[in-house]
1. List pairs: first in the stretch 293-314 and in the same structural domain as Arg267 (by TED's automatic domain parsing) and exposed (fewer than 14 other Cβ atoms within 10 Å of the Cβ), second among the hydrophobic types (A, V, I, L, M, F, W, C) and modelled with pLDDT of 95 or more, Cβ under 6 Å, 6+ apart or cross-chain?
2. Given the structure, is Leu90 more than 30 Å from Ala194 (Cα to Cα) and at pLDDT 85 or above?
3. Go through (1) over 22 Å from Pro65 (Cβ atoms); (2) buried (at least 16 other Cβ atoms within 10 Å of the Cβ); (3) touching a strand residue (DSSP E or B) at 6+ places or on another chain (Cβ under 9 Å) one by one and return the number of the condition Leu225 breaks.
4. Out of curiosity, is Pro83 outside any strand (DSSP E or B) and either surrounded by fewer than 19 Cβ atoms within 10 Å (Cβ to Cβ) or under 19 Å from the mean Cα position of the chain (by Cα) (or both)?
5. Condition first: under 30 Å from Gly119 (Cβ atoms) and touching a residue at least 40 places away in the same chain (Cβ under 8 Å). Can you find one or more residues in the stretch 265-273 that meet it?
6. Between Tyr63, Tyr75, which is farther than 13 Å from Leu167 by Cβ and in contact with a helix residue (DSSP H, G or I) (Cβ under 9 Å, 6 or more places away or on another chain)?
7. Would you mind telling me which numbered condition in (1) modelled with pLDDT under 95; (2) touching a strand residue (DSSP E or B) at 6+ places or on another chain (Cβ under 8 Å) Asp335 fails?
Amino acid sequence: MTIKTLWEQIQKSSTKTPTRLKIPNTRSDHRHPPQPFQPNQQYFQIRINELYLSTSRKWFSEYDPLIFAATEFIYDKKAETVPFVVGPSLIEKNGQKAPTGGSTIFSNTRVAGLHPYRGGRLTLSIVLYRVKRKDHAQGLLKLIESVSSAIDFSTALRSYSKIAGVLLTGIETLFGLGDTEPVIAIRKEFDPNAGDNLEPSYFVLIDKPESELKTEQLWVRDNQLVYGANLAEAKPFREADFVLYSIVQTSDRNDITTLPFYPLFERAKEAALQGDDKSWERAKANLMSLHQTLALSPDLTPSQAMQLSKSYVEEVREAFRMIREIGALGSDELDLGSFDDEASIQDSLNKAIQILNLKF
């Protein structure tokens, strides 16, 4: 099962033509001009900002919603596909009862990223399915969701890629049961080599023909789709089912401690904190390995990899310097202060606690 064959199945279904739009930044509260993605300079992520379900399709009484998202991009020098599923289990997580139609079902859910943009094409496929509430479909749906959420694609993409085929096969099987049908869908490819502009943007997929909407009155405020003459007066859009999604850009990632290379840094720092010469040699060996790993990491941009390498070297060096300095302290250097009053006594006790057993 591939994204291509899945999309061919969707095209053969009886879904009506939805509205598929890019919301310009001038019609959102993020009015600053977007910077186009440049290879190896920024990270991207794909977010479902808002899924709204109207009352017209008997959501959660006869049908459950299922969002299927797939992102195709270059990772570690080859094309990868990241499928992700958002269904009732995620909607009802933490024991919350599923909402009824006529409400926002979930918001700001990441379905791909963070990953460095390495150049080439970025392709998004997003489908809103409705799944009839039957036991056999429900069991398969829960299995698909559990597989989708088993591994964090943002920090362990190599492992996640191994289950991508299982997810796609599960969706194909669910589709083949006859109780699952696509409501609205889009497959959009961004190819800078063909002149496409790849930049951070909002997009919306609405279960209503474009001819029935005043599309110039669609806005985004606080990551929600609103409708009106201007941004300030616009009200939440509630005329049809819709999916609001976005491509997000950032220059750095801050989840560094979850990435595969981080234990190398911890081992280097731990060795430096031993304070002896042999341990320092071990720390330097770990730092060298860390530098090589950072430079080749598929999860980092080159600029952040270099910045991290420099900061890790400095932190390990400072840890070693401090532990040696502490070890060289002698009792003649300990100024415990006076004992004239309660405050000075407490201060002296604090100093004593800090320097107990400092000599090696």
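1. Going by the 6 Å Cβ cut-off, the qualifying pairs are Ala295/Ala305.
2. When the stated conditions are applied, Leu90 does not pass them.
3. (1)
4. Values: outside any strand (DSSP E or B): no; either surrounded by fewer than 19 Cβ atoms within 10 Å (Cβ to Cβ) or under 19 Å from the mean Cα position of the chain (by Cα) (or both): yes.
Taking the combined requirement at face value, the residue does not satisfy it.
5. yes
6. Residue meeting the stated conditions: Tyr75.
7. Condition not satisfied by Asp335: (2).
Matching residues to (1) in a helix (DSSP H, G or I); (2) touching a helix residue (DSSP H, G or I) at 6+ places or on another chain (Cβ under 9 Å); (3) polar (S, T, N, Q):
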{"site": "Val248", "(1), (2), (3)": "no, no, no"}
{"site": "Pro263", "(1), (2), (3)": "yes, no, no"}
{"site": "Arg267", "(1), (2), (3)": "yes, yes, no"}
{"site": "Ala283", "(1), (2), (3)": "yes, yes, no"}
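The values are calculated or read from the model by the stated rules, or taken from the named source; none is laboratory data. Given the structure is predicted, the values throughout are model-derived calculations rather than measurements. Cβ coordinates were reconstructed from backbone atoms using ideal geometry, including for glycine residues, and neighbour counts include every protein chain displayed.
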